[in-house]
Amino acid sequence: MSEIEDRAELRRARRRPGGRPRPRREFDTSVPSPCITVCQVDDATGCCVGCHRSIDEIREWPILSADEKRAVLARIAERKADAGA
């Protein structure tokens with residue numbers, strides 16, 4: 001974290017009740033998103049026609065662990081296989 005970010009965090013902490021800095025949240029970026037920027041939800045399946053994720057999976061993607069993301073990718077593969085059958 002840069003010195004500027006440190007100072008900004010300290011200023012925010014002074015404004016919050018209790019004056020304690022928030023813990024920094026680390027997001028796992030080791031598993032790339034399946035998004036292909038074709039963002040339309042199919043009413044029949046409730047999944048995006050581009051990446052085949054459900055709305056919940058799309059919303060939660062940034063906060064999922066790498067293992068959880070891999071599980072979503074496995075479900076996507078199953079959905080694609082089912083759609084092609």
- Where trypsin sites (Lys or Arg not before Pro) in DSSP loops with at most 12 other Cβ within 10 Å are excluded, longest remaining stretch of the chain: 26-85
- Quick calc: nm separation of the 7 Å Cα→Cβ label points for Arg7 and Gln40 -> 5.0
- Query: How far is helix 3-15 tilted off the main Cα axis of the chain, in degrees rounded to 10, range 0 to 90?
  - Reply: 80
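Efficiency by 1/(1 + (r/R0)^6): what FRET value for Arg59 and Ala81, r their Cβ-Cβ distance, R0 = 25 Å, to the nearest 0.05? Show your work: numbers first, answer last.
On the way: r = 24 Å, r/R0 = 0.97.
Taking R0 as 25 Å, the efficiency between Arg59 and Ala81 is 0.55.
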- Query: Just going by the charge dipole of region 3-84, with Lys and Arg at +1 and Asp and Glu at -1 on Cβ, which of Val38, Ala66, Cys51 is farthest out on the positive end?
  - Reply: Ala66
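Taken together, the values in this text are just the output of simple stated rules run on the coordinates, not laboratory data. Being a predicted model, the structure only gives us computed values, none of them experimental. In this analysis, Cβ positions are derived from the backbone assuming ideal geometry, glycine residues included, and neighbour counts consider all displayed protein chains.
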